[in-house]
Structure formats: C-alpha cells, structure tokens
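Peer 1: The structure follows.
What follows draws every value from the coordinates through simple rules; no lab data is involved. Note that the structure is predicted; figures quoted are calculated from it, not measured. Note: ideal-geometry Cβ built from the backbone for every residue, glycine included; neighbour counts use all protein chains shown.
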Amino acid sequence: MVIFAIASHKRLNQIKKKTLAFLNKHGIPKEDIYLFVSPESYEDYMEEFKSIPYNIIFSKNNKQLKRVFQINQSKNPNFYA
C-alpha cells in the first residue's frame, strides 16, 4: 500500500484543485491520502471534506511534521510526502 501525506496551512482551494485533483485523476484511493493541516485550517478542511474519506490530521507543529515525514520516508518506501 502506498500512503500519500500532504501538509497544508491555509491552502484548501489549492490543495483541492491541484493536488487532490491530480491524485484522483491517477486513481489514488482517497483512503490512502493523509492531509496534515494546521490548527487555523483544520475546521475548514473538516467541513469541506466531511463526506469524503480523506484522512485529515490536526497538526500542531509544521516543523515537527516535516521531520516525521523525513523519518517515515526513510523507513517506508511506500510513504510519499
């Protein structure tokens, strides 16, 4: 299984129109997409995607999140950030 992790801070429209549209076009299952969003963006994402099975994760610290991506990428070749 391939996992796609996307960090976002106040980029809902851009993520929806570009990144998620691209992944959808290529048949990536929504269940394999994880959206790590900032506290300021969390409610907007939850409202926008309430009926779509994306995995929306509340991220308190974007610097820490980048580090988690790097570690997971090195341990799991199927993890894409």
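Peer 1: With each pseudo-label sitting 7 Å past Cα toward Cβ, what's the H26-Q14 distance in nm, one decimal?
Peer 2: 1.9 nm
Peer 1: So, R0 is 22 Å and r is the distance between the beta-carbons of I57 and V2; what FRET efficiency does that work out to, to 0.05?
Peer 2: 0.80
Peer 1: Residues with amide H under 5 Å of A7's amide H, sequence separation 5 or more or different chain, H placed in the peptide plane at 1.01 Å from N; which?
Peer 2: F36
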